[in-house]
Amino acid sequence: MHQIGDGSLRISQRITWSIFLNESLFSAAFIATFTLLSVNASLLSGTDALAGLPATMGLVGRAALAVPLGWLMDRSGRRIGLTLGYALGAIGMAIGVLAVQSVSFALLCLSAAIIGINNAASQQARFVAAEVWPAHNRARVIGLIVFAGTIGAVGGPLLVGPTSALAERLGYNANVGPYLFGGGLLPVTALLSWLLLRPDPLQIGRRFDVPAVDAQGNPVMARSARTIFAHPVVQLAVASMVIGQLVMTLIMVITPVHMHHTNHTNGEISLVFMAHTLGMFGFAFFTGWLVGRLGARPMIAFGAAMLVLSSVMSAIAANMLALVIALFLLGLGWNFCFVAGSALLTEALHPAERGRIQGANDALVALASGAGSLSTGAIFEGGGMIAVGAVGLALTLIFLALAAWLNQRRAAYTVGVS
């Protein structure tokens, strides 16, 4: 096992906490705008059926650039990839201001797609932070970086009201407020990434991993993507993140529209959304610790149980308290599946495989989530929240059956890393 000296420890801590700070700021900006995204989409398009389309465009942008960003980070370093992502996010926020002000649904979709590229870079942050630590610390570090989203979970929705009021005082549409806030914050995260992620985490991570090549320059146990994705451990890790994101997005995206139709205020929508994002991020560090103590597979099972409860409750919720609990459980179920799945995937990969496979995983997660956000408006229009909850429940039960089958298959395989 590789040990970490005092000087290296300070560098690893600085990089980790720099990433934590940047992810905290990004999550606040991202969640503040996302809180009203489906409402803006419904108002700008004139129909609830398209309420999920901008969110889908964001996920398409994230999916389309996940693998290229992973390739860039492997070739040029983690610092340039994260900095570029945050800079593009600032541009997306500026286009969002223009979209709402000019009542342009097309520009709103473009804004969401560009911010989605920023999200693709952000999704790599947990892996970047983890690789500057020895293997036995990585699950907890992944949990810590996911926990950074707590800042967004609490601050993002709470800032919707004040930033909306500020936008009105400045002569803008009220719903421009979160975009103005994000447009001012994301350039700061880009600058911090460029200045503080030194030396590049890619260089540091190589000290804690087995060499990618042997003394003759030949690849060490390099596997094709097809071989890797045929492994039952990798399949379980990816499926847990894909289904967790899909069910979460399906219910989360449409809930503000449902509340808007039942005459809830923006403040009440923000409260429910804050409970949801708190469940997503608030316990992530504790989840990382639990993964280390209980293992990834039990935590994935607990996450699926939370998704089942949330799907049922969101369908029958009759008041604000029930919605708060349902959306909190939805976020917590996602948290368990996401952190445990990330740790399981990292454990199943060789160092030389991580960039491309983690990028491919994020693309699959984004595409599946995009399908959920694109379909949720039509499902809601056809059958209301009962139909949305029923679809979420069915998807989770299918995943549980798949997970049981994969758990039986894994005994015939090696984990893939020593």
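Rule-of-thumb check for the stretch 310-387: C-alpha Rg over 2.2 N^0.38 Å? Numbers along the way, then the final one.
On the way: Rg = 16.5 Å, N = 78, 2.2 N^0.38 = 11.5 Å.
Here the Cα radius of gyration is 1.44 times the empirical estimate.
Counting other C-beta atoms within 10 Å, which of CYS109, CYS337 has the fewest, and how do the rest follow?
The order, fewest Cβ neighbours first, is CYS109, CYS337.
Whole angstrom only: what separates the Cα centroid of the stretch 49-70 from the Cα centroid of the stretch 365-385?
Their Cα centres are 14 Å away from one another.
Hey, how much of the P(r) for the stretch 67-188 falls beyond 24 Å, as a percent of Cα pairs? Let's see the in-between values first.
Numbers: 2685 of 7381 pairs.
For the stretch 67-188, the fraction of Cα-Cα distances above 24 Å is 36 percent.
Over all directions, how big on average is the projection of the convex hull of the alpha-carbon atoms in the chain, in square nanometres? Let's see the in-between values first.
Values: hull surface 75.9 nm².
Reported value for the Cα convex hull: 19.0 nm².
Quick one: Cα centre-to-centre distance for the stretch 233-294 and the stretch 300-334, in angstrom?
Answer, in whole Å: 9.
For the chain, what is the mean residue ellipticity at 222 nm derived from helices alone (per DSSP H run of n ≥ 4: -39500 (n - 2.57); sum divided by total residues; nearest 500 deg cm²/dmol)? Each step should come with its number before you reach the end.
On the way: 16 runs with 338 residues, N = 418.
The helix contribution divided over the chain gives -28000 deg cm²/dmol.
Considering only DSSP states other than H, G, I, E and B, which chymotrypsin sites (Phe, Trp or Tyr not before Pro) in the stretch 323-417 qualify as loop sites with at most 15 other Cβ atoms within 10 Å?
Details: sites: PHE328, TRP334, PHE336, PHE338, PHE380, PHE399, TRP405, TYR413; in loops: TYR413.
Sparse-neighbourhood loop chymotrypsin sites (Phe, Trp or Tyr not before Pro): TYR413.
Where does the charge balance sit around GLN358 when Lys and Arg score +1, Asp and Glu -1, over other residues with C-beta under 13 Å from its C-beta?
Its environment carries a net charge of 0.
When the scattering of the stretch 236-316 is computed by the Debye formula from its Cα atoms alone, each counted once and equally, what is log10 I(q)/I(0) at q = 0.14 Å⁻¹?
After summing over all Cα pairs, the log10 values are -0.55.
Read-outs: derived from the displayed coordinates by stated rules, not from any lab. As the structure is a prediction and not an experimental result, all values here were calculated from the model. As a convention, Cβ positions derive from the backbone with ideal geometry for all residues, glycine included, and neighbour counts pool all protein chains shown.
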